[in-house]
Structures are given as structure tokens and as C-alpha cells.
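Scroll down for the structure; my scribbles are underneath it.
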Amino acid sequence: MKTYRISLLVCLALFVLGLGLSGCNKEIAGVSVEPLKNIAGTWKVVQLTRNEEDLSERVDLSAFRLVLKEDNTYSFADKLPFVVSDPGTFSLDDPQYPFYLLLKPAGGMPEGKVSLQMPVKKGKTQLSMTLRPGCETNTYRYTFERVQD
Amino acid sequence: MKKLLKNIKLVLFFAGLVLVVFLANCGLTPLTIEVPSVVNANEVATFILNCGTEPRIANTDPPYTSKLIVGFMVPKSWKAAQNTTVELISSEKGNSTLVLIPSAEKEAASGLAWPDAAKKRFGIGPNLLDDFEWLVYRSVPAYTFINNEDIKFKVKISSKVGSENSFSRLGFFILSAKENLRPEDTDYTKYAFSNNFSVTNGEGDLVDYVNPQLAKVEPVKSLDNDFISLNFDAGIIETTLSNTDEIFLEARGFTKSGQQIAITTKVDKTRLKPLGGKKYRIDIWPRGLLNVPQNETLDRFEYYFTNAAGNAKVGYGNTADPFRYTFKCP
């Protein structure tokens, strides 16, 4: 008799749990919208390749920073070959699923367009930018991580 | 019983021998190439590839049918894809013009685009400086072979050489399309690299792809807003820097407006890193290193390798002339 009661309790518990889970599912499905990408922050270069050749240990990347602010302005600390060199304003081609980062320098210099990916590595969001600041035949990939303040 | 065993052994031995002969003779005959040693810049060069077939196919039902693939490797500056015709010349199978394989199409064995697959398999051959591209063409008709249909054929490649003076060795391969560029296959893929091939009476400094150079710049084509790698190979000749590992770069940039900017300081950012074997390298961003003003662009630059004191210098061909590099794109 005791065994029967326990079984009934377990069944009841599972039923309630099942209800709860199915409820959760519905809720998740209802609000499944890709959040807008927030790329604001101060970013440092953790890897640099030229035509797939790794230059990270060969050139000094330590001082270079790309600062993207909440008000959509950007600036640099130190300089590296990049599509633009002056500070200005930035935007994403699609705030939910960005493919490109557009950099518009203040002062009328030409706009720079950077192919953008946002992989997550070891729990950290990275910005992986592909650009050709010199000859079109030379492709660079800058991989950035946020600087921890 | 013993005799029977011996007979079986003998039969197996001959079967094996026949198999080996079959395999050894299967496919294409060795490739020989006719390449001129000198051609004037901007003129059309003709390369003749001589090859043949040796079909020894165990199962000829269905018969062996395949297209012909021809690849060749030339300096990128030729822009050969726009300036080349490739023709099959065969009295047995008829003449036909091959077409460039579209860049989106992948070679099945490597999963790479055909030019990349060819580069993976053959590299840049005996050249030392990598600024080449492989171009891969395929016949439009497919050709059917019966066993022992041994024929000879030629492929004629006509390609306009670029405007640049160069010294290189060109690469060629012929392949049965059915087989793809399998890495281990030497029966259906035949390749050869030419002897020295010169383009003369063209523009600019001679680009020597073949001989070891005291200095070389990578990428071969770049602008002042690229990262460029300057390599110094001190092992090929005795120089005033042979007895030191402390080697620095001295450079002078020439802007489009005629301004000159020089750097002669011996600091970390001008120090070459040893790579072993008396080879050294420095990776620079020319605009950054020479602090080029924003409204200026570098046309070219000249450079020396020096010791820490700056009193021992090595320049072009180990003379007092500087090495020279012009910033330009393909």
C-alpha cells in the first residue's frame, strides 16, 4: 500500500514537472527574437592574419584599441593599417544579423566597410573583421576581444 | 602436391608481374614541354606540351571516357585568365579549344577550387618567390578510349606575358578529368616545370623568382597601407653583416609629391628577427614606420640592412646601392 502511494506521488510530481516544462517551451517559442547586437566597448587585437599567414606574434598589436561607444561614435588608440584612420561614427548593416560594420570618419574622408563576424570563444564575444586596407589582393583578418576594465 | 604448390606460386608470380606492367603503363605517357627561354614583354608566348595515352584498362565496359584537363602556372601579373588560349592538337581525336574551369567549381579529391588544388599538389615548383597563379582548363568534348589505344597528342598554350621583366620557371600539368587531382596518382596526372624563362624589354625592376635573393619583400605586390615583410638571407653570400645577429633596417620612403622620409634609428621597431640559418625578417607597416602624413602616399622606398652601429651596410647585390621596392597592386 505504501509503495503504491509513493508511485502515485512520483507520477503526480512528473506530471506537474511535465506541465511546467511544456509551459516553458511555449514561452521560449513566443519570445524567440534575435537580440540587437551590442558591440560597444573597447576592443584590442588578439589575432591578426595576412592572406591566412599569422602575424600576431610578428607585429606589435599591444597598444592598438578600437573604441566603439554607445552613442555610435568610434575612435582609435595607436594606429595599424585599417580601412579608416580618423575617428567618426559607426553603424551595422543589420543590427540583428550584422554582416558589415560601416565606419564613417568625421571630416569627409571616405567611408570604410568591414566584413564582420561575431564568434564566441571561451565565453568571450569576439569581433572578427576582414579588410583590405592596401592592395585588394591582400586580405587581413583582425580578431578583437573586449578589454576588461 | 609440392609440384602443384610450386605451379600455383608461379602462376601468382606471373599474374603479379602482368598486373605491375599493366599499372606501370596505364594512363598518360610522360609529359615533355617546349618553352622558349626569352620572350618580349606584352607579347604572346607559345608553350607546347607533348603527351600521349596508354590505356590498359581491366574493365572496358563501359568504355573509358574522360575529358582532358590542362593546367599551367605563371606570374599573377600576366593576368593570364584574360589573355590565354589552350588548344588540344590531335590527329586521332581532333583539335579543340579548352575552356577555363569556373572558379566556383571544386576539385573533388581536395574539395578546393581547381587553382588552389593545383597549388596544393604542385606548389610553385623550383621557384623561391611566391607570386604565381595556376590556371586550369578543360576540354569541352569527352574522349573515349579502347584498350591499347596508344596515341600521341599536343597541347598548345598561347599566353600574353605581362609587362613586367621577370625570370621564372613555369609549371604545366595534364590530367584525365575522370581521375581528379588525387595526391598519390602519378599515372593519370603528368606535370613538368620549365627551365629558366625570361620576360625582357618590359617595365620596372627584374623580378627574379628563381635565384636566392639577399632581400625579398612579401607580399610581392602591396601598398604603403599593407603590412610588408622584408626578408634578409645573409646565408647566400659573405657580407659585412655575416658575423652579427644584430641587424637593423634603414629605410627611405618617397612620397607621390616628392617628399622623402627616412628612418635610421636602431630601435626595436627597426630590428630584424633571426629566423635561423642566417635568415632574418622584419614586418613593417610602411606608413606607420615612416610616419607618413595623412595626405601623403608612398610611391616607393629604398632600404639597407645595417649593424647596430650603422657603419656596416648591405644593399642590392651586396653593393652600396640600396634595395628598392615600388608600391603597386597587380
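Things to note:
- Among the residues of the stretch B:282-327, the ones that are surrounded by 15 or more Cβ atoms within 10 Å (Cβ to Cβ) and at the interface with chain A (Cβ under 10 Å from one of its Cβ atoms) come to 8 in all.
- Residues of the stretch A:36-88 that are within 14 Å of chain B (Cβ to nearest Cβ) and among the hydroxyl-bearing types (Ser, Thr, Tyr): A:THR49, A:SER56, A:SER62, A:SER85.
- The stretch B:282-330 - residue that is in a helix (DSSP H, G or I) and farther than 28 Å from A:THR49 by Cα and, of those, modelled with the lowest pLDDT: B:GLY317
- Answer residue from the stretch B:73-102, given it is closer than 22 Å to B:LYS120 by Cβ and without any contact (Cβ under 8 Å) to a residue 40 or more places away in the chain and is surrounded by the most Cβ atoms within 10 Å (Cβ to Cβ) among those: B:ILE101
- Residues (among the β-branched types (Val, Ile, Thr), in contact with a Ser or Thr (Cβ under 9 Å, 6 or more places away or on another chain) and away from chain A (no Cβ under 14 Å)) located in the stretch B:241-281: B:ILE247, B:THR255, B:ILE261, B:ILE263, B:THR264
- The residue pairs whose first member lies in the stretch B:233-254 and is at pLDDT below 95, whose second member is in a strand (DSSP E or B) and of a type outside the set (A, V, I, L, M, F, W, C), and whose beta carbons are closer than 6 Å, counting only pairs six or more residues apart or on different chains, are B:ASP233/B:LYS279; B:ASP245/B:PRO274.
- Within the stretch A:131-149, the set of residues being at the interface with another protein chain (Cβ under 7 Å from one of its Cβ atoms) and farther than 18 Å from A:PHE76 by Cβ comprises A:CYS135, A:GLU136, A:THR137, A:ASN138.
- Residue in the stretch B:52-72 that is farthest from the chain's Cα centre (by Cα), counting only those that are crowded, with 21+ Cβ neighbours inside 10 Å and of a type in the set (A, V, I, L, M, F, W, C): B:LEU68
Here is a yes/no grid of residues against (1) over 23 Å from B:VAL35 (Cβ atoms); (2) of a type in the set (Lys, Arg); (3) surrounded by fewer than 22 Cβ atoms within 10 Å (Cβ to Cβ):
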position	(1), (2), (3)
B:PHE172	no, no, no
B:LEU175	no, no, no
B:ASP187	yes, no, yes
B:LEU206	no, no, yes
B:TYR209	no, no, no
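- Here B:SER242, B:SER229, B:SER194 are screened, and the one residue that is crowded, with 18+ Cβ neighbours inside 10 Å, among the hydroxyl-bearing types (Ser, Thr, Tyr) and more than 30 Å from B:GLY52 (Cβ to Cβ) is B:SER229.
- Strands (runs of 3 or more DSSP E) enclosed by the stretch B:55-135 - at least 3 residues per element that are under 21 Å from B:LEU170 (Cβ atoms): B:68-75, B:84-89, B:96-100
- Condition met for B:SER242 (within 30 Å of A:GLY108 (Cβ to Cβ) and among the small types (Gly, Ala, Ser)): no
- Boolean, B:PHE227 is closer than 30 Å to A:ARG50 by Cα, more than 14 Å from every other protein chain (Cβ to nearest Cβ) and of a type outside the set (Asp, Glu): no
- Unmet criterion (only one of (1) over 30 Å from B:ARG138 (Cβ atoms); (2) away from chain A (no Cβ under 14 Å); (3) not hydroxyl-bearing (Ser, Thr, Tyr)) for B:LYS156: (1)
The values are calculated or read from the model by the stated rules, or taken from the named source; none is laboratory data. As the structure is a computational prediction, the values presented were derived from the model and not from experiment. Cβ sites come from the backbone with ideal geometry, for glycine too, and all protein chains shown count toward neighbours.
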